[in-house]
Amino acid sequence: MKVLIADDEALARGRLRELVAEIGDYTIVGEAANGKEAVLMGTELRADIILMDIRMPGMDGLEAALHFCTTQNPPAVIFTTAFGDYALAAFEAHAVDYLLKPIRKERLQSALGRARQLTHKQLSALHTGDKTRARTHISALLHGNIQLVPVTDILYFKADQKYVTARFQTGQVLIEDSLMALEQEFGAHFLRIHRNALVAHAGIAGLGKNADGALMIKLRGIDEQLEVSRRHMAAVRLRLKDYKA
């Protein structure tokens with residue numbers, strides 16, 4: 001089985017590499033130094049198992065585990081950490097196992113064996129669940145690989161039938177998250193302006209009106225504008241009272 005090691009400390013990665021080699025029957029396909037690298041490498045290399053530290057710079061291991069939920073065949077995630085107070089959060093992030101450093105060979109072998117026994121169906125069920133905290137990135141599948149977009153770059157989320165478009169200044173991606181779930185997760189940073197649209201507070205350049213007199217949201221860095229529905233007009237005006245239309 002293919003194993004990816006994710007840890008920001010080179011010595012820790014080396015220790016895991018040695019242990020996996022001693023155990024045998026597993027092939028290390030790559031090493032990542034943070035959560036973002038782990039997500040991108042894990043999907044690209046089709047890793048079966050991720051040995052992942054929790055505390056890493058940028059995207060940590062807990063968030064990285066959540067992003068694997070979007071893949072068709074999610075890998076088995078085994079967390080490796082020096083901090084025992086992450087156990088509950090680790091299993092809320094759908095981990096197969098949780099190992100405390102320094103990691104013993106016997107304990108790692110047991111965790112790898114358990115991961116090996118899980119079928120893709122069981123892993124998919126294990127990865128199904130509510131997100132426990134707001135992510136720093138949105139993940140989208142593109143040609144079978146995950147594309148990560150920082151939430152701070154997103155101007156709006158807009159629903160259209162089955163998918164939701166996440167728009168940023170340089171492009172857009174289609175994601176499968178529902179607007180309701182996105183609003184619950186990122187409600188502090190996004191404003192509902194329509195039943196099918198959420199706009200980032202930081203992405204609003206001003207208010208205007210179209211030829212029909214409808215209230216429109218102007219966005220930073222792009223010419224596109226979004227219409228505010230009558231139902232949400234009062235709330236939008238209240239939240240954006242410093243803007244003139």
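The values are calculated or read from the model by the stated rules, or taken from the named source; none is laboratory data. Since we're looking at a predicted model, the values are computed, not measured. Ideal geometry is used to build each Cβ from the backbone, glycine not excepted, and the neighbour counts take in all protein chains shown.
Results, tabulated for the structure shown:
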{"item": "Every residue from the stretch 1-59 that is among the hydroxyl-bearing types (Ser, Thr, Tyr) and touching a Pro at 6+ places or on another chain (Cβ under 9 Å)", "result": "Thr43"}
{"item": "Tally, over the stretch 223-237, of residues that are aliphatic (A, V, I, L, M) and modelled with pLDDT under 95", "result": "4"}
{"item": "Extreme residue, surrounded by the fewest Cβ atoms within 10 Å (Cβ to Cβ), among residues of the stretch 137-164 that are of a type in the set (S, T, N, Q) and out of contact with any Leu (no Cβ under 9 Å at 6 or more places or on another chain)", "result": "Gln161"}
{"item": "Some residue of the stretch 156-165 being touching a helix residue (DSSP H, G or I) at 6+ places or on another chain (Cβ under 7 Å), of a type in the set (Lys, Arg) and at pLDDT 95 or above", "result": "no"}
{"item": "Filter pass, Ala181 being under 25 Å from Leu142 (Cβ atoms) and buried (at least 17 other Cβ atoms within 10 Å of the Cβ)", "result": "no"}
